[in-house]
Amino acid sequence: MRKYAAEFFGTFWLVLGGCGSAVLAAAFPNVGIGLLGVSLAFGLTVLTMAYAIGHISGCHLNPAVSVGLCAGGRFPANQLPQYIVAQVLGAVFAGAVLLLIAGGKSGFDVAAGFASNGYGAHSPGGYSLLAACVTEIVMTMMFLLVILGATDKRAPQGLAPIAIGLCLTLIHLISIPVTNTSVNPARSTGVAVFVGDWALAQLWLFWAAPMLGAVIGAMVYRFIGAGED
């Protein structure tokens, strides 16, 4: 249960820190942090939690990461459902807390997006379903490649959280204009459930594409790692 609790609170922090920066601070008058700040916020949530709970649960914070680690032979399949449930619950709890905070400002409208992921008319840059799908698959694939490489026993020890956090920052820098960046089904679900409507209708993509990308990333690393993990 300690592992599942760690995943719950870790994913809570990721969604509150990442989506919170987008909702509360990205366009704050005169001193908004912008896309660079939001990207960095997501990376920092993973970096800080990796040091805080990595030794407890492995700090997945993401159903796609859990699936990818399982496909890569680094995580037991019998713990996969519990991890995913804990991650999604943590994300939804964070979404509820963020909604409570954001709702304290006059004129706040959750229907405006609430940092939800989307494509087509709901993509920040108006990108198509195909573009969104390719982006989420490729970005998650590369995320798993970095995670598996950085945590390989042959890699420099103690530095994995930095590499993984910076990788997530880079992913956001690339893909926020396309999908608002998911690469994490729990993160997408945690805010979409409060937006409803289009956010829930498009949520399928932000489960399917990251999961596929994660498995591809795991297979690629198993190949280039020459089976020496």
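Per residue, the chain reaches -22500 deg cm²/dmol at 222 nm when only DSSP H runs of four or more residues are counted, each adding -39500 (n - 2.57). Averaging the sequence gap over all C-alpha pairs within less than 8 Å and six or more residues apart, then dividing by the number of residues, gives the chain a relative contact order of 30 percent. Averaged over residues, the count of other Cβ atoms within 10 Å places the peptides 59-67, 160-168, 37-45 in the sequence 59-67, 37-45, 160-168, highest first.
Over every Cα atom in the stretch 12-115, the radius of gyration and the widest Cα-Cα span, Dmax, amount to 15.6, 49 Å. Once the convex hull of all Cα atoms in the stretch 98-159 is built, its volume per residue stands at 129 Å³. Placing a label point 7 Å from the Cα of ARG222 along the Cα-to-Cβ direction, the residues of the stretch 129-151 whose backbone N falls under 19 Å from that point are 138, 140-151.
Its Kirkwood hydrodynamic radius, worked out from the mean inverse distance over all distinct Cα pairs, puts the chain at 17.3 Å.
Comparing mean-square fluctuations of GLN79, GLN157, GLN202 from a GNM of the chain with C-alpha springs under 10 Å, the top value falls on GLN157.
Scalar couplings 3J(HN,Hα) for the stretch 9-25, obtained by applying the Karplus form with A = 6.51, B = -1.76, C = 1.60 to θ = phi - 60°, are 6, x, 5, 4, 5, 4, 6, 5, x, x, 5, x, 5, 5, 6, 9, 10 Hz; x denotes Gly and Pro.
FYI, it's all coordinate maths here, none of it is from the lab. Since we're looking at a predicted model, the values are computed, not measured. Neighbour counts are summed over all protein chains in view; Cβ atoms, including those assigned to glycine, are modelled from backbone coordinates with ideal geometry.
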